[in-house]
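K.L.:
Below is one structure. I have some questions about it.
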Amino acid sequence: MNIRRVLTNFLLVLVSFILQTTVFRVLDFGDTAPNLLMIIVASSGFIKGDKSGLVMGFFSGLLVDIFFGTYIGFFALIYMYIGFIVGKFHEVFFSQNIAIPIVFITIADFLFGFICYVLMFLFRTKFDIGYYMMNVILPEMVYTALIAIFFYPFILYLNNRIDEREQRSAKKFV
């Protein structure tokens, strides 16, 4: 991994976090905003593998923990595990097809919402899962999937460009 990939991933996470917390909060539908960080974490894991998904998930979740979390590490663990699990499918599926990654991003966002419900509300005996499912998890999942249709090809393009530059620089040394 070179410095260009690290810097690009850092900027991608930072810009996505800023967009998620500012622009998309203004463009929300029914008090629901897309989870851009989940798109990045799942895309990164799907394109580059489980280690990349794990690292991107950890730093994305840590960013959310620092600004919005009550405990440091709560969202970092959730994002990290989801990035790792999605990254396990890197070898099985072809990342150039747009339909399969969108499905994985949608499932990852559903898992994120459900895990947050279980860990934040269910353990505090708030059992209204139907309300939470219909008003929080499913609308966010749909909105995230719609944004991912446009955002995933951009992430794939960035990764392909970095891969091409890495291969060109590797050929210079051979």
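The values are calculated or read from the model by the stated rules, or taken from the named source; none is laboratory data. Just so it is clear, the model here is predicted, and its values are computed rather than measured. Glycine also receives a Cβ, built like all others from the backbone with ideal geometry; neighbour counts cover every protein chain displayed. Just so you know, the surface numbers come from the protein's heavy atoms only, side chains and all, with ligands and any DNA or RNA stripped out. Shrake-Rupley method; radii C 1.70, N 1.55, O 1.52, S 1.80 Å.
K.L.:
Can you run down the residue pairs with Cβ atoms below 9 Å, 6 or more apart or on separate chains, where the first is in the range 133-162 and farther than 13 Å from GLY113 by Cβ and open to solvent by 40 Å² or more (accessible area, probe 1.4 Å) and the partner is hydrophobic (A, V, I, L, M, F, W, C) and part of a helix (DSSP H, G or I)?
P.N.:
So the pair list comes out as ILE149/ILE102; LEU158/LEU12; ASN160/ILE47.
K.L.:
Follow-up question, since we're still on this one. Please determine, by comparing only the residues of the range 47-79 that are in contact with a Leu (Cβ under 9 Å, 6 or more places away or on another chain) and of a type in the set (Phe, Trp, Tyr), which one is nearest to ILE162 (Cα to Cα).
P.N.:
Here the residue is PHE58.
K.L.:
Another question, if that's okay. Name the residue, out of VAL55, VAL41, that is in a helix (DSSP H, G or I) and under 23 Å from TYR143 (Cβ atoms).
P.N.:
Only one candidate passes the filter, namely VAL41.
K.L.:
Out of the residues in the range 71-80 that are among the aromatic types (Phe, Trp, Tyr) and part of a helix (DSSP H, G or I), state the one that is most open to solvent (accessible area, probe 1.4 Å).
P.N.:
Restricting to residues being among the aromatic types (Phe, Trp, Tyr) and part of a helix (DSSP H, G or I), the top hit is PHE74.
This table checks each residue for (1) surrounded by fewer than 22 Cβ atoms within 10 Å (Cβ to Cβ); (2) in contact with a helix residue (DSSP H, G or I) (Cβ under 6 Å, 6 or more places away or on another chain).
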{"residue": "LEU36", "(1), (2)": "no, yes"}
{"residue": "ILE40", "(1), (2)": "no, yes"}
{"residue": "ASP65", "(1), (2)": "yes, yes"}
{"residue": "GLY69", "(1), (2)": "yes, yes"}
{"residue": "ILE82", "(1), (2)": "no, yes"}
{"residue": "VAL86", "(1), (2)": "no, yes"}
{"residue": "PHE89", "(1), (2)": "yes, no"}
{"residue": "ILE102", "(1), (2)": "yes, yes"}
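K.L.:
Give the range 2-19 a look and list any residue that's open to solvent by less than 30 Å² (accessible area, probe 1.4 Å) and under 14 Å from SER44 (Cα atoms), or say none.
P.N.:
ARG5, ASN9, LEU12, VAL13, SER16
K.L.:
Is it true that some residue in the range 107-121 is assigned to a helix (DSSP H, G or I), out of contact with any Ser or Thr (no Cβ under 8 Å at 6 or more places or on another chain), open to solvent by 50 Å² or more (accessible area, probe 1.4 Å) and modelled with pLDDT under 90?
P.N.:
Checking the range 107-121: at least one residue is assigned to a helix (DSSP H, G or I), out of contact with any Ser or Thr (no Cβ under 8 Å at 6 or more places or on another chain), open to solvent by 50 Å² or more (accessible area, probe 1.4 Å) and modelled with pLDDT under 90.
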